[in-house]
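Read-outs throughout are calculated quantities, based only on the coordinates presented, and are distinct from any laboratory measurement. This is a predicted model, so every value here is computed, not measured. Cβ atoms come from the backbone with ideal geometry, glycine included; neighbour counts cover every protein chain shown.
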Amino acid sequence: MIAKQLFEEATNKISDTLANSPLKDMEKNAKAMMSGAFNKMDLITREEFDVQQQILIKTRIKLVELEAKIAALEAKLGETETPNEQA
């Protein structure tokens, strides 16, 4: 019982010491510095990237469909032209 109480006290003191130590301040400063650097890089979140990726996929599909329609219309237009109109 006493050993458990001593262990808990020691754990609490160690936690308090680490929370107030210069190491914790260095960690906070490093996080702030990295956060500032990331903000300057104009990074986006993974969610934003995934949304843009889906938009790009839909756009590419639409482009392929439109290219096929144009090719079909050009082929149809070429069939209706007479040799006199081609000159």
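Side notes on the structure shown:
- In the chain, lysine pairs closer than 24 Å at Cα, eight or more apart or cross-chain: 7
- In plain terms, the chain from residue 17 to residue 80 could stretch by 13.9 nm, reckoned as 0.36 nm per residue minus the Cα-Cα distance.
- Net charge of Cβ neighbours under 15 Å - reference residue 32; Lys, Arg +1; Asp, Glu -1: +2
- Cβ-based charge dipole, the chain, positive-most Cα from 70, 45, 12: 12
- Across the chain, the fraction of Cα-Cα pairs farther apart than 20 Å, rounded to a whole number, is 73%.
- Only Cα sites of segment 1-43 enter the Debye sum here, all with the same form factor; the resulting log10 I(q)/I(0) across q = 0.16, 0.23, 0.24 1/Å is -0.58, -0.76, -0.78, listed in q order.
- Taking the Cα centre of the chain as reference, the dipole from Cβ charges on Lys and Arg (+1) and Asp and Glu (-1) amounts to some 520 debye.
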